[in-house]
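Below is one structure, written out as structure tokens; the observations come after it.
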Amino acid sequence: EKDTADRNWTLAYYMKERKSFPGMKDDEPREPNLSKILEFYFQCCSLETNSKALSVVAATLANGGVNPLTNEKIFSPETVKSCLSIMSVAGMYDYSGQFGYLVGLPAKSGVGGGIILVVPNVMGICTWSPRLDNFGNSVRGIQFCKEFTKYYNFHLFDNMINYTSDKVDPRKSKYYDYS
């Protein structure tokens, strides 16, 4: 991550110029230590986890911040809302817009090949396959997400009034009258 951090350094200098770091104000500028800040960022990028743990994170986000295995409140609803909003617009790197159009769910990928996908109020999913595309996203993970919302009625805009679809909605009982 450090060896290819030119964009991170550029963004950090831009944020410094715009006084975007906490504690920076026009009347009393505090100089942030960019080396220290970026070192912490690089360490965060190097955390080790596994797909089981990430699926619990995704499920916790889908469950409004409550871990579905322990019933413990991990995140506030406001934090979940903010996190899912950011995931929706930026979680898949430069592919985020296309992903939002095709899949329509909040997701976050990592350069290790993992993707977490959140179906709010329903479930969280983690995929892992290390072959990455040019954007740094898992090729197979993205394919799974596309197929998932092609088959299931989970795309953000699948439930609009007067929209009809042959997709399966597993949230509805098999006895549900679709007419």
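The values are calculated or read from the model by the stated rules, or taken from the named source; none is laboratory data. Every value quoted in this text rests on a predicted model; they were computed, and no experiment measured them. Methodologically, a virtual Cβ is constructed for each residue, glycine included, from the backbone with ideal geometry; neighbour enumeration extends over all protein chains shown. Keep in mind that these areas ignore ligands, DNA and RNA; they rest on the heavy atoms of the full protein, side chains included. Shrake-Rupley method; radii C 1.70, N 1.55, O 1.52, S 1.80 Å.
Residues in the range 38-62 that are within 16 Å of Asp3 (Cα to Cα) and not small (Gly, Ala, Ser): Leu38, Glu39, Phe40, Tyr41, Phe42, Gln43, Cys44, Cys45.
The test for being touching a Phe, Trp or Tyr at 6+ places or on another chain (Cβ under 7 Å) and either among the aromatic types (Phe, Trp, Tyr) or closer than 18 Å to Val56 by Cα (or both) holds for Gly113.
Gly65 falls short of the stated requirement of being small (Gly, Ala, Ser) and either surrounded by fewer than 10 Cβ atoms within 10 Å (Cβ to Cβ) or modelled with pLDDT under 95 (or both).
Cβ separations smaller than 9 Å between residues 6+ apart or across chains give the following pairs from the range 30-52 residues that are surrounded by 12 or more Cβ atoms within 10 Å (Cβ to Cβ) to residues that are hydroxyl-bearing (Ser, Thr, Tyr): Leu34/Tyr13; Ser51/Thr127.
Only one entry in Lys172, Lys146, Lys150, Lys73 is touching a Leu at 6+ places or on another chain (Cβ under 8 Å) and at negative phi, namely Lys146.
When the range 139-173 is filtered for residues that are aromatic (Phe, Trp, Tyr), open to solvent by less than 60 Å² (accessible area, probe 1.4 Å) and either touching a Lys or Arg at 6+ places or on another chain (Cβ under 7 Å) or not in a loop (DSSP other than H, G, I, E, B) (or both), only Phe148 remains. Among the residues of the range 152-175, are any among the small types (Gly, Ala, Ser) and in contact (Cβ under 8 Å) with a residue 60 or more places away in the chain? Looking for residues that are among the small types (Gly, Ala, Ser) and in contact (Cβ under 8 Å) with a residue 60 or more places away in the chain, one finds none in the range 152-175, hence no.
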